Amino acid sequence: MTIIDLHSHTTASDGTLDPLELCQRAQERGVHSLAITDHDTVAAHQFLREYTAQIDLQLITGIELSSTWSGAEIHIVGLNFPLNHNDLAMVVTAQSDARRQRSLHIAERLARRLPSWQSEQIFQQVLDSVVAQQKSSPHGFTLSPEEVQIGRPHFARWLISQQLCQDMDSAFRKYLDNSKIGNLKAFWPNMSQAVAWIRALGGIAVLAHPGKYGMTATKLRALIKDFKLAGGHAMEVQGGNTPHSQIQQMARYCREFNLMASQGSDFHNPDYRWVDIGRLPPSLPEGLTPVWSSWC
Ligand code: AMP
Ligand code: MN
Ligand code: MN
Ligand code: MN
């Protein structure tokens, strides 16, 4: 059985393994093809260029772009673009700037809720914690304070460290979820823009985890149709614990809209055993074109 995992995260974004640790774990688990798809950065791939001799799997370039569509935050995974593409830095810089501005706003809005804290203090502590986590990388993977990507999970970890929340779930529920202050969609480009960027880089644009947006079937169909019309190539049909009925539903949409099918664990953290790297159903539903057939 060939294990193909096309969605995963490292400490370059909100994962907890450094890029080489992730590759090693994927190898131990028998993964043949791995796409690292950090949120809005390719820093892990740039780092791994020096380590090709130690990597015994097919590494696929990837990125997970944050975007918006009809008031919802939508993630577009880009796969298999050349890492040396001239325009890649432009895309990454646009997204990093948006993410940095967003994190400053999240800190401000948290400070309004937490009277004993100044927003600058919150931002600095979160930034320091991300830099410190990277300093503990066993392979020396570090980014400068200007380069690190701050996400909502980092604010959640800070809230927990200050004993303002008990765990990630309650931090998101209380402060960071869609309807709460941490969610500031205005900073992200439109979905069609994100798809256009991936296409301009020569990559494959994949609609990430369509079942996780909490949409009605009618809204989800509208999203998938717009994604297709924007030039999207594929959608994720299954992750590590996608319910059977949802896999079948996504497979129907793939056929209806003539999209290729992708799959990925969306691995972040080895502590979450139920979303491990490479832990996926043994095959795709019948009659779908796997996204990897475009590069295999
Ligand atoms: P951001 O990229 O800053 O918008 O943060 C989104 C990330 O937060 C997602 O990719 C997940 O990794 C994580 N996330 C979202 N919701 C939750 C939750 N309820 N509990 C834990 N992590 C979450
Ligand atoms: Mn994440
Ligand atoms: Mn995502
Ligand atoms: Mn992801």
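The values are calculated or read from the model by the stated rules, or taken from the named source; none is laboratory data. All of these numbers come straight from a predicted model, not from anything done at the bench. Glycine also receives a Cβ, built like all others from the backbone with ideal geometry; neighbour counts cover every protein chain displayed. Side chains included, ligands, DNA and RNA excluded: accessible areas come from the protein's heavy atoms. Shrake-Rupley method; radii C 1.70, N 1.55, O 1.52, S 1.80 Å.
Residues of region 130-152 being open to solvent by 20 Å² or more (accessible area, probe 1.4 Å) and either at positive phi or within 16 Å of ligand 2 (Cβ to nearest atom) (or both), which ones? Scanning region 130-152 gives 133, 140, 152.
Looking only at residues that are within 16 Å of ligand 2 (Cβ to nearest atom) and of a type in the set (D, E, K, R) in region 72-105, which one is surrounded by the fewest Cβ atoms within 10 Å (Cβ to Cβ)? The extreme case among them is 73.
Consider region 17-41 and keep the residues that are within 16 Å of ligand 3 (Cβ to nearest atom) and part of a loop (DSSP other than H, G, I, E, B). The one that is nearest to residue 102 (Cα to Cα) is 40. Hey, among 80, 84, which residue is over 20 Å from residue 271 (Cβ atoms) and free of Cβ contacts under 8 Å to residues at least 24 places away in the same chain? Criteria check complete, one pass: 84. In region 208-223, the residues that are over 18 Å from residue 244 (Cα atoms) form Cβ pairs under 8 Å with partners that are open to solvent by 30 Å² or more (accessible area, probe 1.4 Å) and outside any helix (DSSP H, G or I), at six or more places apart or across chains, as follows: 219/70; 222/70; 223/69; 223/70; 223/215. When only residues in region 12-21 that are more than 13 Å from ligand 4 (Cβ to nearest atom) and open to solvent by less than 10 Å² (accessible area, probe 1.4 Å) count, which is nearest to residue 155 (Cα to Cα)? Across region 12-21, the extreme among qualifying residues is 18. In region 88-98, is there at least one residue being within 16 Å of ligand 3 (Cβ to nearest atom), modelled with pLDDT of 95 or more and in a helix (DSSP H, G or I)? Yes, the conditions are met somewhere in region 88-98.
If you go through region 47-69 and keep only what is in contact (Cβ under 8 Å) with a residue 24 or more places away in the chain and over 20 Å from the mean Cα position of the chain (by Cα), you end up with 49, 51, 54, 55, 56, 57. Go through region 188-214 and report how many residues are open to solvent by 60 Å² or more (accessible area, probe 1.4 Å) and within 30 Å of residue 163 (Cα to Cα). Total meeting the criteria: 2. Selection within region 41-67: residues that are open to solvent by less than 40 Å² (accessible area, probe 1.4 Å) and in contact with a strand residue (DSSP E or B) (Cβ under 6 Å, 6 or more places away or on another chain). The member of this set that is nearest to ligand 4 (Cβ to nearest atom) is 64. Here is a list: 260, 250. Which entry is buried (at least 17 other Cβ atoms within 10 Å of the Cβ) and either more than 16 Å from ligand 3 (Cβ to nearest atom) or at positive phi (or both)? The conditions single out 260.
Which of the following residues is in a loop (DSSP other than H, G, I, E, B), within 29 Å of residue 21 (Cα to Cα) and either polar (S, T, N, Q) or at pLDDT below 95 (or both): 133, 166?
On the way: 133 fails: in a loop (DSSP other than H, G, I, E, B).
166 is the lone residue from the list that is in a loop (DSSP other than H, G, I, E, B), within 29 Å of residue 21 (Cα to Cα) and either polar (S, T, N, Q) or at pLDDT below 95 (or both).
Applying the criterion of being within 17 Å of residue 113 (Cβ to Cβ) and among the aliphatic types (A, V, I, L, M) to the residues of region 136-175, the residue that is nearest to the chain's Cα centre (by Cα) is 156. Taking the conditions exactly as written (within 24 Å of residue 20 (Cβ to Cβ), within 16 Å of ligand 2 (Cβ to nearest atom) and of a type in the set (Val, Ile, Thr)), does residue 63 satisfy them or not? For residue 63, the condition - within 24 Å of residue 20 (Cβ to Cβ), within 16 Å of ligand 2 (Cβ to nearest atom) and of a type in the set (Val, Ile, Thr) - is met.
Out of the residues in region 169-193 that are assigned to a helix (DSSP H, G or I) and of a type in the set (Phe, Trp, Tyr), which is nearest to ligand 2 (Cβ to nearest atom)? This residue is 172. Inspect region 286-293 for any residue being in contact with a Pro (Cβ under 8 Å, 6 or more places away or on another chain) and surrounded by 13 or more Cβ atoms within 10 Å (Cβ to Cβ) and give the result as yes or no. There is no residue in region 286-293 that is in contact with a Pro (Cβ under 8 Å, 6 or more places away or on another chain) and surrounded by 13 or more Cβ atoms within 10 Å (Cβ to Cβ).
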